[in-house]
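First comes the structure, then the notes that go with it.
The values are calculated or read from the model by the stated rules, or taken from the named source; none is laboratory data. Being a predicted model, the structure only gives us computed values, none of them experimental. FYI the Cβ positions are ideal-geometry reconstructions off the backbone, even for glycines, and counts take in every protein chain you see.
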Amino acid sequence: MQTKNKTSVIANEKIDNKKLANAEKIILNLQQELKKYIKKGHGPFLAAIYDSKGNLVAKTANSVVNKTCSHNHAEMNAIKLAEKKLGTYDLSKYNLSIYVTAEPCMMCLGGIMWSGIKSVYYGVPSERVTKITGFDEGFKPNWFNEFKKRGITVYGQIEQSAGETVLKDYVANKHTIYKPTR
Ligand SMILES: [Zn+2]
């Protein structure tokens, strides 16, 4: 059910150019801002949750290394913060969107599904994240359609090249590739 437009963006609905233009702006800003977070010791991923009126609800970076917790991915941190702020475990009534600099991993897809977030917009696809960094993003069979079935909209590969540059810099600067030994 994926559709493509000229910028190679993929989605699980017919691409809405207004939503896409908004997402491009937000994700490009996140990619830029992420560099500052990396300098402070964060992992190379940043997530922001917005409500349907465009108000920022939560913005958090990956903090696996600096907070020593394997599930402190950017998306999980943002969901935790949004739920704490809004005082609920069920975000569905707020019609929220999450914007992420890279495709959510298998854990974060679960976290998003359980949170009640309605839309997902991401930058670099997992296969590129894995190739560039060596992180193991997991296995996610048919997740675009599985999310569609659950009423969750997904747009991906937004401002991908800007995102890839940040990841390549992370590796070039020898920051930690955190993962279990196998
Ligand atoms: Zn994740």
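Points worth noting:
- Qualifying residue in region 127-147 (condition: within 17 Å of L46 (Cα to Cα) and in a strand (DSSP E or B)): no
- The number of residues in region 144-174 that are farther than 24 Å from A21 by Cβ and surrounded by fewer than 19 Cβ atoms within 10 Å (Cβ to Cβ) comes to 10.
- Filtered by the rule that a residue be without any contact (Cβ under 8 Å) to a residue 12 or more places away in the chain and not polar (S, T, N, Q), region 137-175 gives P141, E146, K149, A172, K174.
- The residues of region 111-140 that are within 9 Å of the ligand (Cβ to nearest atom) and within 26 Å of D16 (Cβ to Cβ) amount to a single one, G111.
Let's see how each residue does on (1) within 16 Å of the ligand (Cβ to nearest atom); (2) free of Cβ contacts under 8 Å to residues at least 40 places away in the same chain:
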| position | (1), (2) |
| --- | --- |
| S8 | no, no |
| I26 | no, no |
| Y37 | yes, yes |
| G43 | yes, no |
| A47 | yes, no |
| G54 | no, yes |
| A82 | yes, yes |
| T88 | no, yes |
| C105 | yes, yes |
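- Leading residue by the ranking (farthest from the ligand (Cβ to nearest atom)) among those in region 90-103 that are among the hydroxyl-bearing types (S, T, Y) and touching a helix residue (DSSP H, G or I) at 6+ places or on another chain (Cβ under 7 Å): Y94
- Any hit, region 11-19, residues being modelled with pLDDT of 95 or more, touching a Phe, Trp or Tyr at 6+ places or on another chain (Cβ under 8 Å) and over 20 Å from A162 (Cβ atoms): yes
- One residue stands out in region 69-80 among those that are out of contact with any Cys (no Cβ under 7 Å at 6 or more places or on another chain) and under 11 Å from H42 (Cα atoms): the one that is nearest to the ligand (Cβ to nearest atom), namely A74.
- Condition met for E164 (of a type outside the set (V, I, T) and closer than 16 Å to Q31 by Cα): yes
- Counting only helices (runs of 4 or more DSSP H) that sit wholly inside region 1-119, not one has at least 2 residues that are among the acidic types (D, E) and within 12 Å of the chain's Cα centre (by Cα).
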